[in-house]
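Notes to accompany the following structure.
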Amino acid sequence: MFFYKIKTQEYSHTLVDFYVLDQVASATKLSQLRFDQNLLLDKELGNYSWTQENWQELVGAKDYLLINLVQNDGLIGLLLAKLNYQEAMVHLLKLVVTPEKRKQGFGIMLLGELAGFMESRRLTKLFLEVEADNIPAISLYEKAGVNKIYLSKNFYSNGKSAWKMLKENAG
Ligand SMILES: CC(C)(COP(=O)(O)OP(=O)(O)OC[C@H]1O[C@@H](n2cnc3c(N)ncnc32)[C@H](O)[C@@H]1OP(=O)(O)O)[C@@H](O)C(=O)NCCC(=O)NCCS
């Protein structure tokens, strides 16, 4: 599988392209431009962003899903998840919308695309951790039907706590 455009959708009078990178076999399939754009947008996660080496490892790895939202050749949103087919479980690792495009529905759009993907692969559980004070993300996940399970104190290396969240029958 490789990085491919799944659809183009009109949104607020502009076109948004959806790209999916699924179980990447070869780094050459993800263009350098798109790779660099993912790396740059991931920087929005501050301490939680990955190094270039982390991203390179991902490109050669199996069972990851990367969804990109692209507008006028610019990356406006990314979603990265680890797929566990044995347990029919998806672990959401990253969800980022570029700051100037937030609060316009792109986050929910990315989660909707993930739900469609999960359904097509019979993946039924969506699991994630989110920093306990990240209100925009927690609100978004709750709106998408992902529920808090428990608060894990000192979960992150910086001492911050995380909500563990789960949606069952998500696909
Ligand atoms: C979290 C994030 C992805 C949301 O993306 P977004 O495109 O702005 O979200 P949407 O426009 O689709 O919002 C959907 C819902 O999420 C919630 N939400 C989004 N932003 C919010 C905010 N600033 N405050 C409170 N709730 C918010 C609301 O419930 C919203 O529904 P509404 O518009 O009907 O009120 C975005 O803020 C972001 O990239 N944050 C930085 C990265 C991050 O923290 N990622 C999560 C951890 S990996």
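The values are calculated or read from the model by the stated rules, or taken from the named source; none is laboratory data. The shown structure was predicted, so the numbers you read here are calculated from the model rather than taken from an experiment. Please note: Cβ atoms are built from the backbone with ideal geometry, for glycine as well, and neighbour counts cover all protein chains shown.
One residue stands out in the range 101-111 among those that are farther than 15 Å from residue 91 by Cα and more than 6 Å from the ligand (Cβ to nearest atom): the one that is nearest to the chain's Cα centre (by Cα), namely 109.
Tell me which residues, restricted to the range 132-153, are within 11 Å of the ligand (Cβ to nearest atom), out of contact with any Gly (no Cβ under 7 Å at 6 or more places or on another chain) and either of a type in the set (A, V, I, L, M, F, W, C) or under 15 Å from residue 91 (Cα atoms) (or both). Break it down stepwise before answering.
Of the range 132-153, the ones within 11 Å of the ligand (Cβ to nearest atom) are 133-144.
Still in the running and out of contact with any Gly (no Cβ under 7 Å at 6 or more places or on another chain): 133-139, 141-144.
Those that are within 11 Å of the ligand (Cβ to nearest atom), out of contact with any Gly (no Cβ under 7 Å at 6 or more places or on another chain) and either of a type in the set (A, V, I, L, M, F, W, C) or under 15 Å from residue 91 (Cα atoms) (or both): 135, 137, 138, 141, 144.
Note on the range 48-81: among residues that are more than 15 Å from the ligand (Cβ to nearest atom) and of a type in the set (S, T, N, Q), the one that is nearest to residue 156 (Cα to Cα) is 51. Filter the range 82-95 for residues that are within 12 Å of the ligand (Cβ to nearest atom) and without any contact (Cβ under 8 Å) to a residue 40 or more places away in the chain; which is surrounded by the most Cβ atoms within 10 Å (Cβ to Cβ)? Result: 92. Considering (1) modelled with pLDDT of 95 or more; (2) more than 12 Å from the ligand (Cβ to nearest atom); (3) in a helix (DSSP H, G or I); (4) of a type outside the set (Lys, Arg), the lone condition that residue 117 does not fulfil carries the number (1). Among the conditions (1) crowded, with 18+ Cβ neighbours inside 10 Å; (2) touching a residue at least 60 places away in the same chain (Cβ under 8 Å); (3) not in a strand (DSSP E or B), the only one that residue 158 does not satisfy is (1).
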